[in-house]
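Taking it in order: structure first as structure tokens, then the write-up.
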Amino acid sequence: VNQETEIRPVLPNQVLEGDTFEAGFSVMNRTQAPGTLEVTIEAEGPLAPEPGRPGGDRRETARITRQIAAEPFRRQTVRLPLKAAGPGQITLTARAGDAVDQDAMRARVPVSRRSVLETAASYAMTTAPDAAQSVLFPENMEPASGRLEVILSPSIIGGLEGTFQYL
């Protein structure tokens, strides 16, 4: 079944907090005659407020409405510029149509935390019965992003058991 008006999402694969991007929707007139379609895109979620608006709780909404001249079977993309203010999910609702036919869809874009991962390694050799290594975690480390891994080898030829078995 084909509708006379068709909408498809044109969205980024991934979004991180602080990213600026355009949420797009492709609209197509699937009739033989040219026409005019009204396209509305709404976004709700962790969005940065528009310039000049106070920023509240970072749960903002954005909206755009455009009239487009829709040629038969030609796609046009209508875009809504957005900026992700923090982690969460942005819900997008797009509507397009005229008095005869309309289409609508909802899409969700997850917004992930922007974090910098650091790796540090320390290698040492000792013949003493005890060894110590100081570890300091950053004060503002995200609880879900940090981890400590310790690998110890009892001798210089540790981990070669498989090689000796092969020989």
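The values are calculated or read from the model by the stated rules, or taken from the named source; none is laboratory data. This structure is a prediction, so every number in the text was calculated from the model and none was measured. Using ideal geometry, Cβ is built from the backbone for each residue, glycine included, and neighbour counts are taken over all protein chains shown. In case anyone asks, the SASA skips ligands and DNA or RNA and just uses the protein heavy atoms, side chains included. Shrake-Rupley method; radii C 1.70, N 1.55, O 1.52, S 1.80 Å.
The table for this structure:
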read-out: Flag if Pro54 is open to solvent by less than 90 Å² (accessible area, probe 1.4 Å), outside any strand (DSSP E or B) and modelled with pLDDT under 95; value: no
read-out: Exclusive hit being exposed (fewer than 13 other Cβ atoms within 10 Å of the Cβ) and among the small types (Gly, Ala, Ser), set Ala121, Ala84, Ala94, Ala70; value: Ala121
read-out: Residues of segment 26-48 satisfying the condition of being of a type in the set (Gly, Ala, Ser) and in contact with a Gly (Cβ under 8 Å, 6 or more places away or on another chain); value: Gly45, Ala48
read-out: Members of segment 104-149 found to be over 17 Å from the mean Cα position of the chain (by Cα) and not in a loop (DSSP other than H, G, I, E, B), listed by number; value: Ala104, Met105
read-out: Tabulated pairs, segment 109-132, first closer than 30 Å to Lys83 by Cβ, second among the hydroxyl-bearing types (Ser, Thr, Tyr) and assigned to a loop (DSSP other than H, G, I, E, B), C-beta under 8 angstrom, 6+ apart or interchain; value: Arg113/Ser145; Ser115/Ser145; Leu117/Ser145
read-out: Matching residues in segment 4-31 - criterion: being open to solvent by 60 Å² or more (accessible area, probe 1.4 Å) and in a strand (DSSP E or B); value: Arg8, Pro9, Thr20, Glu22
read-out: Qualifying residue in segment 32-42 (condition: in a loop (DSSP other than H, G, I, E, B) and either of a type in the set (Ser, Thr, Tyr) or open to solvent by 80 Å² or more (accessible area, probe 1.4 Å) (or both)); value: yes
read-out: Segment 139-167: number of residues that are modelled with pLDDT of 75 or more and surrounded by 10 or more Cβ atoms within 10 Å (Cβ to Cβ); value: 1
read-out: Glu38 being within 24 Å of Thr5 (Cβ to Cβ) and either free of Cβ contacts under 8 Å to residues at least 24 places away in the same chain or of a type outside the set (S, T, N, Q) (or both); value: yes
